[in-house]
Amino acid sequence: MPHDVAWLLITAGVVGLVTPGVLGLPFLAMGGLVLWPGSSTRLERWLNGQPPRLLKGSMRQIGRFLDDLERRYPPSAR
């Protein structure tokens, strides 16, 4: 993504923080991610099927949580 788009997102984020009713934080985050050095290579690697280790670990933790919920509160057989 071009840096001009990133600066546009950051500007929209700052305007969104100042004006009431418009959320600016997501725009600031997206613009910052575009400008972050090396973020595009990490995003491309993730989109090509190699997710980061943090994502794998968090998905495993969510699976454990759901398994535990199913064991504690089994679905009623009606």
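Enumerate the amide H contacts of residue 24 below 5 Å, restricted to partners 5 or more residues apart or on another chain; note that Pro and chain-start residues carry no placed amide H.
The list, which skips near neighbours in sequence, is 17.
Tabulate in residue order the Karplus-calculated ³J(HN,Hα) for the range 27-34, using 6.51 cos²θ - 1.76 cosθ + 1.60 with θ = phi - 60°, rounded to whole Hz; enter x for Gly and Pro.
5, 4, 5, 5, x, x, 5, 5
Which whole-Hz couplings ³J(HN,Hα) result when phi for each residue of the range 63-75 is put into the Karplus expression 6.51 cos²θ - 1.76 cosθ + 1.60, θ = phi - 60°, listed in order with x for Gly and Pro?
For the range 63-75, the Karplus curve yields x, 4, 4, 5, 4, 5, 4, 5, 5, 6, 10, x, x Hz.
Read the figures in this text as sums done on the coordinates, not as results from a lab. All values reported here derive from a predicted model rather than from experimental measurement.
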